[in-house]
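What follows is a set of notes on a single structure, which appears directly below.
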Amino acid sequence: MVQLRILAILEEQGHTKYWLYKRMDMMSYRNFQKIVENETSSIRFETLDKLSRILNVPVGELFEQTEEDNTNEQF
(Lines give C-alpha, C1' and ligand atoms only; values in the text may rest on other atoms or scores of the structure.)
Protein backbone atom coordinates (compact mmCIF):
# COMPACT_ATOMS: atom_id res chain seq x y z
CA MET A 1 0.00 0.00 0.00
CA VAL A 2 1.24 3.50 -0.79
CA GLN A 3 0.85 6.14 1.92
CA LEU A 4 1.75 9.76 2.34
CA ARG A 5 4.44 10.42 4.93
CA ILE A 6 3.44 13.99 5.70
CA LEU A 7 3.42 13.53 9.48
CA ALA A 8 6.94 12.06 9.43
CA ILE A 9 8.23 14.93 7.28
CA LEU A 10 6.61 17.49 9.56
CA GLU A 11 8.24 15.84 12.58
CA GLU A 12 11.64 15.73 10.84
CA GLN A 13 11.35 19.44 10.06
CA GLY A 14 9.97 20.45 13.45
CA HIS A 15 6.66 21.70 12.08
CA THR A 16 3.08 21.03 13.16
CA LYS A 17 0.00 20.00 11.19
CA TYR A 18 -1.43 23.45 11.91
CA TRP A 19 1.65 25.09 10.39
CA LEU A 20 1.16 23.09 7.20
CA TYR A 21 -2.61 23.62 7.11
CA LYS A 22 -2.21 27.40 7.28
CA ARG A 23 0.25 27.33 4.37
CA MET A 24 -1.89 25.02 2.22
CA ASP A 25 -4.63 27.69 2.14
CA MET A 26 -6.84 25.65 -0.16
CA MET A 27 -9.07 23.15 1.62
CA SER A 28 -11.25 22.50 4.60
CA TYR A 29 -9.54 21.28 7.74
CA ARG A 30 -11.53 18.04 7.52
CA ASN A 31 -10.15 17.26 4.04
CA PHE A 32 -6.67 18.30 5.11
CA GLN A 33 -6.88 15.98 8.13
CA LYS A 34 -7.95 13.06 5.92
CA ILE A 35 -4.96 13.59 3.64
CA VAL A 36 -2.47 13.90 6.49
CA GLU A 37 -3.86 10.84 8.31
CA ASN A 38 -3.94 8.73 5.09
CA GLU A 39 -7.70 8.38 5.24
CA THR A 40 -8.30 9.31 1.61
CA SER A 41 -8.19 7.18 -1.51
CA SER A 42 -7.22 9.95 -3.91
CA ILE A 43 -5.31 13.22 -3.99
CA ARG A 44 -5.04 15.90 -6.67
CA PHE A 45 -1.75 16.55 -8.44
CA GLU A 46 -2.17 20.20 -7.49
CA THR A 47 -2.25 19.22 -3.82
CA LEU A 48 0.83 17.01 -4.15
CA ASP A 49 2.70 19.85 -5.87
CA LYS A 50 1.73 22.29 -3.13
CA LEU A 51 2.76 19.86 -0.37
CA SER A 52 6.09 19.28 -2.09
CA ARG A 53 6.80 22.99 -2.40
CA ILE A 54 5.73 23.90 1.14
CA LEU A 55 7.68 21.04 2.72
CA ASN A 56 10.60 21.62 0.35
CA VAL A 57 10.92 17.95 -0.62
CA PRO A 58 10.68 16.17 -3.98
CA VAL A 59 7.21 14.77 -4.67
CA GLY A 60 8.55 11.22 -4.40
CA GLU A 61 9.60 11.80 -0.79
CA LEU A 62 5.97 12.43 0.15
CA PHE A 63 5.25 8.71 -0.32
CA GLU A 64 6.19 5.43 1.31
CA GLN A 65 5.18 1.91 0.43
CA THR A 66 4.06 -0.40 3.20
CA GLU A 67 3.28 -4.10 3.34
CA GLU A 68 -0.12 -3.36 4.85
CA ASP A 69 -3.12 -3.54 2.53
CA ASN A 70 -6.18 -1.70 3.87
CA THR A 71 -8.44 -2.52 0.96
CA ASN A 72 -11.00 -5.30 0.92
CA GLU A 73 -10.78 -5.76 -2.84
CA GLN A 74 -9.90 -9.12 -4.25
CA PHE A 75 -8.32 -9.53 -7.65
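Summary of values
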| item | result |
| --- | --- |
| Total formal charge among the other residues, if their Cβ is under 11 angstrom from that of residue 27, Lys/Arg +1 and Asp/Glu -1 | +2 |
| Farthest toward positive dipole pole in the chain [+1 Lys/Arg, -1 Asp/Glu at C-beta], among 10, 57, 21 | 21 |
| Difference of contour (0.36 nm per residue) and Cα-Cα distance, residue 11 to residue 46 | 10.3 nm |
| Whole-number accessible area per residue in Å² for the chain, which is evaluated in the context of all protein chains at 1.4 Å | 76 Å² |
| In nm, spacing of pseudo-spin labels at residue 19 and residue 39 (7 Å Cα→C-beta vector) | 2.3 nm |
| Against the rule of thumb 2.2 N^0.38 Å, how large the Cα Rg of the chain comes out | 1.12 |
| Unit charges on C-beta of K, R, D, E only; dipole of the chain, Debye | 560 debye |
| Computed [θ] at 222 nm, deg cm²/dmol, the chain (DSSP H ≥ 4; -39,500 (n - 2.57); rounded to nearest 500) | -13000 deg cm²/dmol |
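The values are calculated or read from the model by the stated rules, or taken from the named source; none is laboratory data. These figures come from a predicted structure and were not determined experimentally. Backbone-built Cβ (ideal geometry, glycine too); neighbour counts: all protein chains shown. With ligands, DNA and RNA removed, areas are computed over all heavy atoms of the protein, side chains included. Shrake-Rupley method; radii C 1.70, N 1.55, O 1.52, S 1.80 Å.
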